[in-house]
Every structure is written in C-alpha cells, then in structure tokens.
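Since every read-out is calculated from the coordinates, none of them should be taken as a lab result. None of the values given here were measured: they were computed from a predicted structure. We place every Cβ from the backbone using ideal geometry, glycine too, and count neighbours over all the protein chains shown.
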Amino acid sequence: MKVKIVNKSSNELPEYSTQHAAGMDLRANLSEEVIMLPFERKLIPTGLFIELPIGYEAQVRPRSGLALKKGITVLNSPGTIDADYRGEIMVILINLSADKFVIQHGERIAQMIVAAHETVNWERVEILEDTTRGEGGFGHTGKH
C-alpha cells in the first residue's frame, strides 16, 4: 500500500523495525528538549502529515519499552488519525512515573499502525439475537 506523506522534520520517515512488525516508530520533532514531570501530559509534534486512503485509519499507540522502562505512554491510546485529516501527526504523551522524563529531538515516542476499517450503517431493531453470554460483562464469567 502506498500512502502519501509530507515530512517537515529532519527525521527519517517512519519505518518497520523488523520484517513482520505491525507498527512504525514515530519520532519527536523538537527545536529543544521537552521535560515531562511526573503525571504531566504533553502534545509532541512529529513533523509528519499523511494522506490515508478512504477506508483506512492510522492508530497511534505506546511503545512498550518506553511504557515499561520509563512509564511513558500515549494518553488517548490508541489515537486515531482519520483518512480525511491533513494536519500534523501529534502524540499526546503522559509521564506515569515518579521521575522526570526528557524527550530529545528524533526520539522514538510512539508507534503508528495503519489499518483498514469498515463504515457502519445502523439497522434499528427492537430486539437483539440472544446468545449464551447475553448481557454478562465486566468479569461475569469468573475466569482468570
């Protein structure tokens, strides 16, 4: 699949780290470092602008290593970039650790996955088909 991209940063384009990776790393596009205090959230620019085909979205997700090692995650995970959005890809990060975190220009801050999606046309009904599960939710099975 080809996707049009404008890169206004000095960073390389997002790429897959391994042959079968689903996500591409997004890098911070900064003129100076950003310091995130504990429990602080920041909007971090990437310098990237994309034109997705209709029927696709880009999902912005946390990087697992950054989450585990530093307590940094994407606040609205996954963030959704719609096919008709033409603005800069920005990442909302939050520092869930007790330590400050410094973001440098070019640092890998999140990952992006491009995925197909369906458009729903609702069919209004009065009754839904019955299932074994029914209305049970939120741990109702008691299974671990």
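Which percent of Cα pairs goes in each bin when the distances of the range 4-116 are cut into 10 angstrom slices starting at zero?
15, 48, 31, 6, 0
Please list the non-local residues whose amide H lies under 5 Å from the amide H of Arg27, H modeled 1.01 Å from N, same-chain partners needing a gap of 5 or more.
Long-range HN contacts for Arg27: Ile109.
Per residue of the range 118-126, what does 6.51 cos²θ - 1.76 cosθ + 1.60 with θ = phi - 60° give for ³J(HN,Hα)? Whole Hz please, x for Gly and Pro, Karplus curve as stated.
Result, rounded to whole Hz: 9, 9, 8, 10, 5, 10, 6, 9, 9.
Calculate the dipole size of the range 55-137 relative to its Cα centre from +1 charges on Lys and Arg beta carbons and -1 charges on Asp and Glu beta carbons; express the result in debye to the nearest 20. Present the calculation step by step, with values, prior to reporting the outcome.
On the way: 9 positive and 12 negative charges, 165 e Å.
About 800 debye.
Taking the Cα centre of each part, how many Å lie between the range 80-120 and the range 1-55?
7
Given only helices, namely DSSP H runs of n ≥ 4 each adding -39500 (n - 2.57), what is the per-residue ellipticity at 222 nm of the chain, to the nearest 500 deg cm²/dmol? Walk me through the numbers before you get to the answer.
On the way: 1 runs with 7 residues, N = 144.
So the helix-based figure for the chain works out to -1000 deg cm²/dmol.
As a footprinting exposure proxy, order Met24, Met36 by other Cβ within 10 Å, with the fewest listed first. Could you put the intermediate results ahead of the total?
Numbers: Met24 17, Met36 21.
If I rank by nearby Cβ atoms, fewest first, I get Met24, Met36.
Can you run phi through the Karplus equation (6.51, -1.76, 1.60; θ = phi - 60°) for the range 94-102 and list ³J(HN,Hα) in whole Hz, with x for Gly and Pro?
3J(HN,Hα) across the range 94-102, in whole Hz: 9, 9, 8, 9, 8, 10, 6, 10, 9.
Label Arg41 and Ser17 with points 7 Å out from Cα along Cα→Cβ: what is the distance between them in nm?
2.5
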